[in-house]
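Here is the structure we will look at, set down as structure tokens.
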2 protein chains.
Amino acid sequence: MTRVVVDVMPKPEILDPQGKAVLGALPRLGFSGVTDVRQGKRFELEVAGEVTEDVLDQVRQMAETLLSNPVIEYFEVHVEADA
Amino acid sequence: MTRVVVDVMPKPEILDPQGKAVLGALPRLGFSGVTDVRQGKRFELEVAGEVTEDVLDQVRQMAETLLSNPVIEYFEVHVEADA
């Protein structure tokens, strides 16, 4: 069993109200030094069998069609060490 | 400017309906080979200045108090290469 991770983040030019809310809350909670926050999604997919380039292509297609909205988000796919 | 990433995921023993919904949708979209999906959150924090162990401790406190719900979620903090 191998874990493939898909990180989905709002594109840099897209306003991210959730991230801005976190950024605004930090000083109120006594935290300083953070100049920007972006909030996105993380998907952990457990894949049976070996993760070949074909499998990664399939995961990229899932990310494009189901896990992200390519108009406002970009994604990154990477393989994690075996669980 | 350094990017610190906080990954927040539902604990393994916690039901993850969003992940289950994705898992259920995959075969309907023609994808096979994925046996489990968990959905969590990813925060990208831009930190001014050097990221010392003190700064990372602060980020861990933010993750514990603001970014995650420690009852049902766990988190991981890591530093990304300079932007």
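Here, each number is a calculation from the coordinates, and none is a lab measurement. None of these values were measured; they are calculated from a predicted model. In this analysis, Cβ positions are derived from the backbone assuming ideal geometry, glycine residues included, and neighbour counts consider all displayed protein chains.
Mean per-residue shielding of peptide B:22-33 is 4, counting Cβ atoms of other chains within 10 Å of each Cβ. Inter-copy label distances for residue B:31: 3.0 nm (label point placed 7 Å from Cα along Cα→Cβ; shortest first). Peptides A:36-46, B:40-50 ordered by packing proxy, namely the average of other Cβ atoms within 10 Å per residue, highest first: A:36-46, B:40-50. Mean residue ellipticity at 222 nm from the helices of chain B, using -39,500 (n - 2.57) per DSSP H segment of n ≥ 4 over the full residue count, to the nearest 500 deg cm²/dmol? It lands at -8000 deg cm²/dmol. Most tightly packed first, judged by the mean number of other beta-carbon atoms within 10 Å of their residues, the peptides B:66-72, A:62-68 read A:62-68, B:66-72. For the rotation carrying B onto A, the chain B residue whose Cβ lies nearest the axis, with the distance in whole Å, reads B:42, 2. Amide H contacts for residue B:11 (H built 1.01 Å from N in the peptide plane; partners 5 or more residues away or on another chain; cut-off under 5 Å): B:73, B:74. Taken one residue at a time, the phi angles of the range B:47-56 give Karplus couplings (6.51, -1.76, 1.60, θ = phi - 60°) of 10, 6, x, 6, 9, 8, 5, 4, 4, 5 Hz. Gly and Pro are set to x. May I ask for the Kirkwood hydrodynamic radius of chain A, worked out over all distinct Cα pairs and given in angstroms to one decimal? Computed over Cα pairs of chain A, the Kirkwood hydrodynamic radius comes out at 14.5 Å.
Below 8 Å, C-alpha to C-alpha, sequence gap of six or more: please give me the relative contact order for chain A in percent.
In percent, rounded to a whole number, it is 56.
Remark: label point of residue A:78 defined 7 Å out from Cα along the Cα-Cβ vector; separations to the same position in other copies 0.5 nm, ascending.
Label-to-label distances for residue A:14 across copies, nearest first, come out at 2.4 nm, using points 7 Å from Cα in the beta-carbon direction. Taken about its Cα centre, chain B carries a charge dipole of roughly 680 debye when the Cβ of each Lys and Arg holds +1 and the Cβ of each Asp and Glu holds -1. Note on B:38-51: average number of Cβ atoms from other chains within 10 Å of each residue's Cβ is 6. Within 10 Å of the Cβ of each residue in A:10-19, the mean number of Cβ atoms contributed by other protein chains is 1.
By the rule of a C-alpha distance below 15 Å, with chain neighbours fewer than 8 residues away ignored, the aspartates and glutamates paired with residue B:20 are A:44, A:46, B:36.
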